[in-house]
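What follows is a set of notes on a single structure, which appears directly below.
The values are calculated or read from the model by the stated rules, or taken from the named source; none is laboratory data. Remember, it's a predicted structure, so these values are computed and weren't measured experimentally. Backbone-built Cβ (ideal geometry, glycine too); neighbour counts: all protein chains shown.
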Amino acid sequence: MAFSGLDEFVSLLEERGQLKRITAPVSAELEITEIVDRVSKGPAEKNVALLFENVKGHTLPVLVNAFGNARRMAWALGVDDLNDLEGRLTALLDLTPPRGLGGAVSRAADLWSALRSVGLRPKLVKKAPCQEIVRTESATLNELPILKCWPQDGGRYITLPQVITRDPVTGTRNVGMYRLQQFDSRTLAMHWQRHKGGAEHARLARETKQKVIPAAVALGGDPALTWCASAPLPPGVDEYLLAGWLRGKPVPFVRAVSQPLEVPAEADIIIEGYVDPNEYRMEGPFGDHTGYYTPAEPFPVFHVTAITRRREAIYPATVVGRPPMEDYWMGKATERLFLPLMRLFQSEIVDLNMPAEGVFHNLVIVSIKKRFPGHPQKVMYGLWGLGLMMLSKAIVVVDHDVNVHDLSEVAWRVLGNVDWRRDVVIVDGPLDDLDHASPRPAFGGKIGIDATAKGPEDGHPRGWPEEIVMLDQIKELVNRRWAEYGL
């Protein structure tokens, strides 16, 4: 399903009882965060998207928590259930195990070729809703209801952007979701971390002596575009191609008014500008999705050259903090959609769970069809070598019949099945930039835990005990007589 603007998604949420309009005056500084935090962590029936229509000092409404549960996240991507994402991509792929790594790599490349071939390439239009109002010399960030989320934040932050840049060498577009701290009315901090596409563009620009990187920040529009900005796609793959596949139709684009870029025509707001790859300013602190503040560090500066928007624009934002919050459901969509791609490289994978408590990269629970000694370790190393899965801090491998989404069952299996000398792998490797426990930035210890059942081939000669399971006929008997027991 394709939405022609964020307003259409808001209407759908309201029709389905998943949106609350807040007409009382609220402040963009801290107050909205406290409201959203209570709603996102409160009773499920009260967890709705919030449209703040009266933000003090601003005319634009603010939409927060639009992706804040499984249903809303699924609707944003055109499905009724997040598990449908896995089914849709599986149907596009031939998941017969490829013969060797070369076959898997070839098939992964064929996927992106297939998406291009079905007429989903972004298309260019001459007039666009995102340019109904255009400001160049008079453009000011102060018109936008940018949130200050937490007390010790370094300032106000744009938190739900689609940051658009092009590779300085190849011209390939990259779309990323990087927070942007407002310094003043015309400058922002560009917080692209070292593992992300935007940071690679900056590195290439420095190598090739390019003075500026044209950039644009798109806000709103079809929610599929927003989510795709957060998707961990392979380098060189246009995130808007994936958005077109999810929408079932191409993403329309228009030429930016002040930069040599194309921007989503149906976005609500576009901030155009450039990044000097050699100019840095201190950014932060920022209350992050880890539940802790990220300390201040130097990041590149984004200079605003124009701001364009719809006449009836909606400003989208998200609040991150101690999980679970809205970003958990965005991550869950990523997990479900990319599971079939993981199976291309490791066909033994049955299911995967990256729970909220692990804030995505701190804990990965994976079930496999174990076939040989060392198989769990093979899966661990394979995941650590697969794109941004390299940042996974802990990987727990369980047998195929374990429900990885039941954390109580997983804990029972791990604590009962693991010998801590034999079944633990500790390695050093890359970590998320936000990891505060590692002694070095973005590098430190990682752990893999083999919680599968063991046999003699695994170095366990004692034999494995049989699980306690009641006879089926007794279960059926009790089912028939349950009312007689008065329970």
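Please state which one of E409, E476 is within 26 Å of I349 (Cβ to Cβ) and outside the structural domain of Y178 (by TED's automatic domain parsing). None of the others qualify; the one that does is E409.
Filter the range 400-414 down to residues that are assigned to a loop (DSSP other than H, G, I, E, B) and acidic (D, E) and give me whichever is farthest from the chain's Cα centre (by Cα). For the range 400-414, the residue satisfying everything is D401. Looking across the range 451-487 at every residue that is over 43 Å from the mean Cα position of the chain (by Cα) and among the basic types (K, R), the one that is farthest from R371 (Cα to Cα) is identified as R481.
Scanning the range 99-125 for residues that are more than 18 Å from F345 (Cβ to Cβ), part of a loop (DSSP other than H, G, I, E, B) and modelled with pLDDT under 90 yields V118, G119, L120, R121, P122.
Condition first: under 10 Å from E53 (Cα atoms) and in a strand (DSSP E or B). Now tell me which residues in the range 14-33 satisfy that.
R21, I22, V26
Residue by residue, here is whether (1) surrounded by 15 or more Cβ atoms within 10 Å (Cβ to Cβ); (2) on the phi > 0 side of the Ramachandran plot holds:
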residue	(1), (2)
M390	yes, no
V397	yes, no
S408	no, no
V424	no, no
A442	yes, yes
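Among the residues of this structure, D428 counts as one that is free of Cβ contacts under 8 Å to residues at least 40 places away in the same chain, of a type in the set (D, E) and under 30 Å from R194 (Cβ atoms).
When the range 144-167 is filtered for residues that are surrounded by fewer than 21 Cβ atoms within 10 Å (Cβ to Cβ) and over 18 Å from T318 (Cα atoms), the ones remaining, listed by number, are R166, D167. Does the range 200-209 contain at least one residue that is within 17 Å of Y157 (Cα to Cα), outside any loop (DSSP other than H, G, I, E, B) and in the same structural domain as L141 (by TED's automatic domain parsing)? Checking the range 200-209: not a single residue is within 17 Å of Y157 (Cα to Cα), outside any loop (DSSP other than H, G, I, E, B) and in the same structural domain as L141 (by TED's automatic domain parsing).
Listed here are the residues, each with its yes/no results for (1) touching a helix residue (DSSP H, G or I) at 6+ places or on another chain (Cβ under 6 Å); (2) modelled with pLDDT under 95; (3) of a type in the set (A, V, I, L, M); (4) over 21 Å from I365 (Cα atoms).
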| site | (1), (2), (3), (4) |
| --- | --- |
| L434 | no, yes, yes, no |
| R462 | no, yes, no, yes |
| E467 | no, yes, no, yes |
| Q473 | no, no, no, yes |
| E476 | no, no, no, yes |
| R480 | no, no, no, yes |
| L487 | no, yes, yes, yes |
